[in-house]
């Protein structure tokens, strides 16, 4: 609940495919309250975004209120399409798009994603994490890795997003572990550091063998009673290894920051360390709010 | 239906995870009748195999009848476990295992699969296609590729299976096309030869980029209106290209036969042709029956 003595000045919203998260912010950019909702973009038709937002944050509104939102809320299937900026582009968003609203006190600004023409690539949401990280680390140059369902590697130089590349590694891991014959061989949780290291080495050194290594996990389960936890960790290492082999032009000899959930980020930091590539681990959730705050400040000028 | 004037001498059965196919054979190894069933191994508990078989071929039995079966029917979850032979091993099966039956005239022999200890690998069913191909091509040396859900590359020398390697390429294609974000970008059918060639080249030349290439299919759909048929063909080319990059020690400079369904086999033959590796395409269904016939002949000694 909002402290009734402190007025909400503006609202920060991270609105993804599956979930929505909102923060009530004071004029001095402190967090007054938080709200979450399972009404992600994927569940909403265009006219259901405003009701979903008001259901979550309605009691924070006691006068004209500005909302700044990032993520899939700005996609073609979202509340309003916020056309992509094109790399190279500044790390602070311009051209926020106003979403149609009916509530008299509500103004909603949506942050655009970023696209790259060649090779074709897109991001929505990560651009806000990037600007949040840069707001906290002014003038930082290097490469940001944002691991997740669709892991991004982003080259930052002179306060610009120069180029980026997306890897479907996280989604491959989930799909292979749950939807293929390997579901019989891979535990739903648990871990084995040595198996991860072995998979990582396989992926880095012989990435072309990926489809054979996958079947080996099955065969090792059948013939050698390989434990499901080891198979799970080796699959993760294999896929991250193949990704690191391809992303080498990004990370080799660069300053690296890894922004994401703590468990997955640590895997990337540890994997990069085996390649003599030290990386800094950054907590994703505080960084998203920093990015939304930077966008609000720029909006207010 | 069986011709009533000609008695069924024995029955050949190809019993996989999803389906079962049976042939009534004369004493001179001609096909008298065929039957198919959707009662694959995956749908049956151990005590339901005999009823499922009799439902399909019961009216062929008019006296003592020998059945020879290959495939997942011999797995641990099948009718009876037929323990794997271990490479290197002869191309004709030994140690067929008799399945428990209650019908007084029925004797069922199950062909064992083949395993490899290091790297760990298994096959069940393909060994029968291999012996069928060798029965028709005595003394053949070279490499057999059996494309499918789990594609096998098999090195044959001096009538022995020397080594083999399984690639999960077919299952990856199906799973990625249907169960990931790419389902929005990939047509359920249709084709584009140029897009296949492009994907093949990507996979062969830079296999480590696989997870990035996958996301590019999505981004090209969003940004460049890439047609779903082109995305489908490029995904197929990419995955086959990555496989060929890894299987190169198998096919380089070798005599190659490709045994499988005609459409998929042709993709492999065409892909190998781009690498100056000519391959012979062989029809899988007649080859399976030839392998079952070879096993029956050896059984009868």
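The values are calculated or read from the model by the stated rules, or taken from the named source; none is laboratory data. On a predicted model such as this, the values are computed, not experimentally measured, just so you know. Ideal geometry is used to build each Cβ from the backbone, glycine not excepted, and the neighbour counts take in all protein chains shown.
If only residues of region A:275-284 that are farther than 22 Å from residue A:131 by Cβ and touching a residue at least 12 places away in the same chain (Cβ under 8 Å) are counted, the one that is surrounded by the most Cβ atoms within 10 Å (Cβ to Cβ) is A:277.
Restricting B:272, B:223 to residues that are surrounded by fewer than 20 Cβ atoms within 10 Å (Cβ to Cβ), within 25 Å of the chain's Cα centre (by Cα), over 22 Å from residue A:214 (Cα atoms) and at pLDDT 95 or above narrows the list to B:272.
For region B:181-219, enumerate the residues that are within 9 Å of chain A (Cβ to nearest Cβ) and without any contact (Cβ under 8 Å) to a residue 24 or more places away in the chain. Correct list: B:206, B:208, B:209, B:211, B:212, B:215, B:216, B:219.
When residue B:254 is tested against (1) within 11 Å of chain A (Cβ to nearest Cβ); (2) under 19 Å from residue B:129 (Cβ atoms), only condition (1) is not met.
Residues in region B:77-93 that are in contact with a helix residue (DSSP H, G or I) (Cβ under 8 Å, 6 or more places away or on another chain) and surrounded by fewer than 20 Cβ atoms within 10 Å (Cβ to Cβ): B:77, B:80, B:81, B:85, B:92. Being closer than 26 Å to residue B:181 by Cα, within 26 Å of the chain's Cα centre (by Cα) and surrounded by 20 or more Cβ atoms within 10 Å (Cβ to Cβ) narrows it down to one residue among A:185, A:236, A:163; which is it? Being closer than 26 Å to residue B:181 by Cα, within 26 Å of the chain's Cα centre (by Cα) and surrounded by 20 or more Cβ atoms within 10 Å (Cβ to Cβ) holds for just one of A:185, A:236, A:163, which is A:236. For region A:110-125, the candidate set comprises residues that are in contact (Cβ under 8 Å) with a residue 40 or more places away in the chain and out of contact with any helix residue (DSSP H, G or I) (no Cβ under 6 Å at 6 or more places or on another chain); within that set, the residue that is farthest from the other protein chains (Cβ to nearest Cβ) is A:125. Does residue A:249 meet the test of being within 14 Å of chain B (Cβ to nearest Cβ) and farther than 30 Å from residue B:84 by Cβ? Taking the combined requirement at face value, the residue satisfies it. Looking only at region B:40-74, residues that are assigned to a loop (DSSP other than H, G, I, E, B) and surrounded by 22 or more Cβ atoms within 10 Å (Cβ to Cβ) come to 1 in all.
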